[in-house]
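What follows is a set of notes on a single structure, which appears directly below.
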Amino acid sequence: CFAALGVVAGLWSLHGGWRVHPYYLDYYNELCGGTAAVARRHLFEIGWWGEGLGAATRFVDRVAPRGARVKVMVTPRHVIELRPDLVWTEDNDSAEFIVYNELLNPPLRVPRHRVVFVVRADGAPLAWVYQRNDR
């Protein structure tokens with residue numbers, strides 16, 4: 001009986017880890033409602049250590065044309081690495097791409113841009129990439 005319970009508990013733990021892979025720091029179990037519910041209700045921090053920002057910047061590196069202007073609105077910012085030809089900007093309107101996460105940042109309102117990529121951990125959004133609509 002104890003062996004069966006141990007196997008069930010182990011499989012349950014593996015399933016929980018698989019759902020948030022590779023962002024294990026952002027796992028919240030069912031007692032909190034799961035990772036997506038925690039993010040939706042803003043119960044705890046999600047993406048505190050910059051999880052998802054690498055995938056978001058790799059997406060921008062892959063799709064941005066040479067010399068594109070990119071606004072980086074993320075915390076922590078020091079983990080961001082973009083291609084050397086991309087131009088960092090602080091202006092929403094001139095940015096062709098915006099990399100954004102909610103951690104310590106105000107809500108993003110950019111009517112000239114649309115979401116083109118979202119990094120998620122178990123349904124919880126960690127980072128967004130916006131692209132200007134005229135592209």
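Numbers for the structure displayed
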{"quantity": "In the range 75-94, the residues that are under 25 Å from W48 (Cβ atoms) and modelled with pLDDT of 95 or more", "calculated": "L82, W88"}
{"quantity": "Residue that is among the small types (G, A, S) and more than 15 Å from the chain's Cα centre (by Cα), where the choices are A56, A64", "calculated": "A64"}
{"quantity": "Contacts under 6 angstrom Cβ, first residue in the range 75-95 being more than 19 Å from P106 (Cα to Cα) and free of Cβ contacts under 8 Å to residues at least 60 places away in the same chain, partner open to solvent by 30 Å² or more (accessible area, probe 1.4 Å) and part of a loop (DSSP other than H, G, I, E, B), 6 or more apart", "calculated": "D85/R66; D85/G67"}
{"quantity": "Residue in the range 11-31 that is in a helix (DSSP H, G or I), among the β-branched types (V, I, T), over 30 Å from N133 (Cβ atoms) and modelled with pLDDT of 85 or more present", "calculated": "no"}
{"quantity": "Criterion (within 14 Å of D122 (Cα to Cα), surrounded by fewer than 17 Cβ atoms within 10 Å (Cβ to Cβ) and free of Cβ contacts under 8 Å to residues at least 24 places away in the same chain) met by exactly one of G67, G17, G10, G6", "calculated": "G17"}
{"quantity": "Among the residues listed as R62, R41, R66, the single one being charged (D, E, K, R) and within 24 Å of S13 (Cα to Cα)", "calculated": "R41"}
{"quantity": "Pick from the range 102-126, criterion modelled with pLDDT of 95 or more and surrounded by 13 or more Cβ atoms within 10 Å (Cβ to Cβ), ranking: farthest from the chain's Cα centre (by Cα)", "calculated": "H113"}
{"quantity": "Exclusive hit being in contact with a strand residue (DSSP E or B) (Cβ under 8 Å, 6 or more places away or on another chain), over 22 Å from Y130 (Cα atoms) and open to solvent by less than 30 Å² (accessible area, probe 1.4 Å), set T35, T89", "calculated": "T35"}
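The values are calculated or read from the model by the stated rules, or taken from the named source; none is laboratory data. Just so it is clear, the structure is predicted and the values come from calculations on it, not from any experiment. Quick reminder, even Gly has a Cβ in these numbers, built from the backbone with ideal geometry, and neighbours come from all protein chains shown. When the accessible area is computed, the model is the full protein with side chains, heavy atoms only, and any ligands, DNA or RNA have been set aside. Shrake-Rupley method; radii C 1.70, N 1.55, O 1.52, S 1.80 Å.
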